[in-house]
């Protein structure tokens, strides 16, 4: 699981707004978040192995304009920017008549590649820049 995804869930929990990963069994009263990591967004393959992978996920915010804080959308976008930089976008906003709530959905991309190999130790030629005379 990408560390950015875990950081997003942790940051959202600090806001005090309820957060669920993937779905709620029972929908909470008032505003709430649903976060999910959906699918592999792409990968980099080299040397017969997967070298790097990106995951696509979504953050959904459900809220009412009458009872919830006015800054929930801005707060969500600040958190996304802090964690993912520019690797997110607002996908949709709509009013859901069945629940009487507004629904904003953002899509983000997180990298999850292997740790890079440590660099090779320098050779004697690389140490001083002058080849040995032997």
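Overview of values
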| item | result |
| --- | --- |
| Per-residue Cβ neighbour rank within 10 angstrom, fewest leading, 87, 92 | 92, 87 |
| Sites residue 27 and residue 56 - FRET efficiency at Förster radius 35 Å, r taken between beta-carbons, to 0.05 | 0.90 |
| Cα gyration tensor of the stretch 49-113 - equivalent ellipsoid semi-axes, whole Å, descending | 29, 13, 7 |
| Order by protection proxy (mean Cβ within 10 Å, highest first), peptides 72-80, 93-101 | 72-80, 93-101 |
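Values quoted throughout were computed directly from the atomic coordinates according to the rules given, and no laboratory measurement underlies them. Model, not experiment: these values are computed from the prediction. Positions of Cβ are generated from backbone atoms using ideal geometry, with glycine treated the same way; all protein chains shown enter the neighbour counts.
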